[in-house]
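Right, one structure below, let's go through it.
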Amino acid sequence: MIFGKLWRALSAQFNKVANLFWTADPIAQMQYEYDLAVDQLKSGREGLEQYRALVERVGRQVANNQAQVTSLGAKIQAYLQAGDRESASRYALELQNAKKDLAENTSQLKLHEESYNNNVMKVKHASGKLQKIKDKISKYDAELKMSRAEAELAKLSQDFNFDVTTDFGQIEQVIQEKISLNRAKVRVAADLSGEGVVDIQREQAMQQVMADQALREFEIEAGLVTPDTAKVTEAEKELGPAQPVKETVKGS
């Protein structure tokens, strides 16, 4: 009883291991079974070829028996016409045996032909089923790979949840903070670049005034303008060019 329990326990473990290998790669297992079936089919075809050789041999025997029957019949008729009944009776006995052999071989040939045709039909049917199995293996292989890819995509879509509580969410938050810091540095640099612009503009305006004043002094010294004319020109610059007055023409 103890050995029986031990044996059942070991059998259960072996079965567990066998199931593990069986389900680890079902496509490979199906391909293995398919290859075994193909090998068996090849062996069956070789046996069928040998069986067909037997049928051909029996067919030749039937043909020989038929030729012998025809020849014996012709000899019997010839001896009867010649009046030699003794020889004719001897060939008549051979004819009976030949006809018996012909009947037996014809019956065997018929059985062999039927058996051969049935086996041919079985082989063809098995070949068709193997082709369907091969197509099914390819289909299952593609579907299994696709389902694995879909499962991986589903897993990735679940893992790539950019929530603040997940690692990806925290990483995203760090990246956004770095982006904000970089943008802040750019803004500060732009703001700092505006320092002293007003002073520079004032200095440039003062230099322009001094340049205009130096030009007027040069013109006065050169006699190009008088001090009074220089004042009028300066006033025109400040007031701008005079606008022409349009005369209003009254209608008659």
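For the stretch 115-139, the set of residues classified as charged (D, E, K, R) and surrounded by 11 or more Cβ atoms within 10 Å (Cβ to Cβ) consists of Lys122, Lys129, Lys134, Lys136, listed by residue number. Here the condition is being touching a residue at least 40 places away in the same chain (Cβ under 8 Å) and in a helix (DSSP H, G or I); of Tyr116, Tyr79, it holds for Tyr116 alone. Restricted to helices (runs of 4 or more DSSP H) entirely inside the stretch 140-252, those with at least 3 residues that are modelled with pLDDT of 75 or more and β-branched (Val, Ile, Thr) are 167-192. Which of the residues that make up the stretch 54-72 are modelled with pLDDT under 90 and surrounded by fewer than 16 Cβ atoms within 10 Å (Cβ to Cβ)? Within the stretch 54-72, Leu54 is the sole residue that qualifies. Applying the selection to the stretch 82-92, what residues are part of a helix (DSSP H, G or I) and surrounded by 12 or more Cβ atoms within 10 Å (Cβ to Cβ)? Within the stretch 82-92, Arg85, Ser87, Ala88, Ser89, Arg90, Tyr91, Ala92 qualify.
The values are calculated or read from the model by the stated rules, or taken from the named source; none is laboratory data. Computed from a predicted model, the values in this text were never measured in an experiment. Quick reminder, even Gly has a Cβ in these numbers, built from the backbone with ideal geometry, and neighbours come from all protein chains shown.
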